[in-house]
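Here's the structure we're looking at; comments come further down.
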Amino acid sequence: MNGNGQTLGVSVVPMETRREAILHMATTADRLGYDAFFLPEGWAYDSTVLLAELATRTQRIQLGSGILGIWGRTAATMAMAAATLHVISGGRFILGLGASTAQLTEGLHDTPFDAPLTRLRRVLTQVRTLLRGERLPLTVTTGARALRLGMPAVPELPMYVAGLAPASVRLTGELADGWLPFLFPRSHLGEGDRLLREGAARTNPGRVVAICPVIPTAVGDTTAAARQRAAWFVAFYLTTMGELYRRILARLGYKAAVEALIAANAPRALQVVPDDAEVLLEELTIFGTPDNAPSRLAGWYEAGASMPVLLLGPDLTPNQIDRTLEVFRGDRRPRGLATRSASAGDGRSRRNNDRHGTHQDRDGMCING
């Protein structure tokens, strides 16, 4: 928690592939009193193995996959990994899942990126069932004898989902405990909460799903220097990661700003955000000096975030990592196990309605890799 009793998490972009830097970030966050550390998985380390190492290096911070793609492992493999990490971490693990991207799914896992929403629903249902200690609900090999995990059930293990399209956000509200939106405008978190509640109404009206936006974060000696670093996040993802984020932002009313950014980075990506796209930095990131950056974080709580997750960039030095984390948690020291309020671990009681989930948005389901 921070000094105001609010929960706060941290993560790192999948382009950061230095193991020692990741370990330093997680252990520093643990020491400073952060509530959660989420590790993405892209095209480098197996994040479940690295999370197991982090569990032995940390003492109180919650550890989450942020996120595991639903295409590279079976539901049973994910459930086994989650249950194992739950044991190793002493109950501190959060299973973060998402549909990832077509490029990563097809280019690395050699798997067609077809019907991601259907796949996500199936995986969430199967993983949850296995974690409850029940037999796997078979959907493909329906003539086989369904099995269960040969280890103690962990029905309380929190499951978070990364999703941006309305149908995937509703599905998160229906089946998950937390939402991990990335590059989702701060001023639209209320709309996201409405979609979560619509989804929750399908099975348990009133259940609260934790809203944990993953926010590109940069701290510098000057606001201009911090802005430049924040601009890298936004420009990189909007110019090199396909149409996913551009499409979502256009839907939410930022089409002109996105087009201005694309034009400013043509013919080759310069990773700049022009003045006429400044709204993207204001809505999607946190940046500033040690004195003024915390006030930008406050705006995310005011917008409805349960636990903002600060996303750090690649190639930071240990001193830069320390400085950034200390800015937001400076005088905070651990007080036992991290709070579970943002985990919604007791909120499995919330699921409900939404028949808008039949539309498959090929590009609307991704976060961090």
For the chain, set up a GNM with springs between Cα atoms under 10 Å and report which of Asn204, Asn265, Asn319 has the largest fluctuation. Asn319
Residues with amide H under 5 Å of Trp179's amide H, sequence separation 5 or more or different chain, H placed in the peptide plane at 1.01 Å from N; which? Val161, Ala210, Ile211, Cys212
Interchain or sequence-distant (5+) residues whose placed amide H lies within less than 5 Å of the amide H of Leu63 are Phe37, Phe93, Ile94
Ranked by how many other beta carbons lie within 10 Å on average, peptides 95-103, 160-168 from highest: 160-168, 95-103
Which far-off residues, 5 or more places away or on another chain, put their amide H under 5 Å from the one on Met151, with H placed in the peptide plane? none
Between the modelled labels at Asp291 and Asp315 (7 Å from Cα along Cα→Cβ) the distance in nm is 2.9
Have a look at Val234, Val49, Val123 and tell me which one the Gaussian network model of the chain (Cα, springs below 10 Å) gives the largest fluctuation. Val49
Loop-resident sites, segment 122-217, for GluC sites (Glu not before Pro), counting at most 15 other Cβ within 10 Å (DSSP): Glu134, Glu156
Any idea what the relative contact order of the chain is, in percent, if you count C-alpha pairs under 8 Å spaced at least 6 apart? 26
Phi angles of segment 198-208, converted by Karplus (6.51 cos²θ - 1.76 cosθ + 1.60, θ = phi - 60°) into ³J(HN,Hα) in whole Hz with x for Gly and Pro, give 4, x, 4, 5, 5, 10, 7, x, x, 5, 9
Can you figure out the FRET efficiency of Val87 with Thr125, using R₀ = 25 Å and their beta-carbon distance, to the nearest 0.05? 0.65
GNM top mover of Ala52, Ala79, Ala144 - the chain, alpha-carbon springs below 10 Å: Ala144
For segment 264-274, 3J(HN,Hα) per residue [Karplus equation, 6.51 cos²θ - 1.76 cosθ + 1.60, θ = phi - 60°, Hz, x = Gly/Pro]: 5, 9, 9, x, 10, 5, 9, 6, 10, 10, x
Give the residue list of trypsin sites (Lys or Arg not before Pro) in segment 242-320 that are DSSP loop and have at most 16 other beta-carbon atoms within 10 angstrom. Arg268
For segment 238-254, take each phi angle, set θ = phi - 60°, evaluate the Karplus expression 6.51 cos²θ - 1.76 cosθ + 1.60, and give the result in whole Hz per residue in order, putting x for glycine and proline. 7, 9, 10, 9, x, 8, 3, 5, 4, 5, 5, 5, 4, 4, 8, x, 10
Averaged across orientations, what area in nm² does the convex hull of the alpha carbons in the chain project? 17.1
Let me check against my output: what whole-number percent is the relative contact order of segment 115-197, with C-alpha pairs under 8 Å and at least 6 apart? 24
Under a plain spin-label model, where a point goes 7 Å from the Cα along Cα-to-Cβ, how far apart in nm are Asp114 and Thr142? 1.7
Just grab the label-to-label distance for Asp221 and Glu53, each label 7 Å out from Cα along the Cβ direction, in nm (one decimal). 3.3
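None of the figures in this text is laboratory data; all of them are computed from the coordinates on show. The model shown is predicted, which means the values in this text are computed figures rather than measured ones. Methodologically, a virtual Cβ is constructed for each residue, glycine included, from the backbone with ideal geometry; neighbour enumeration extends over all protein chains shown.
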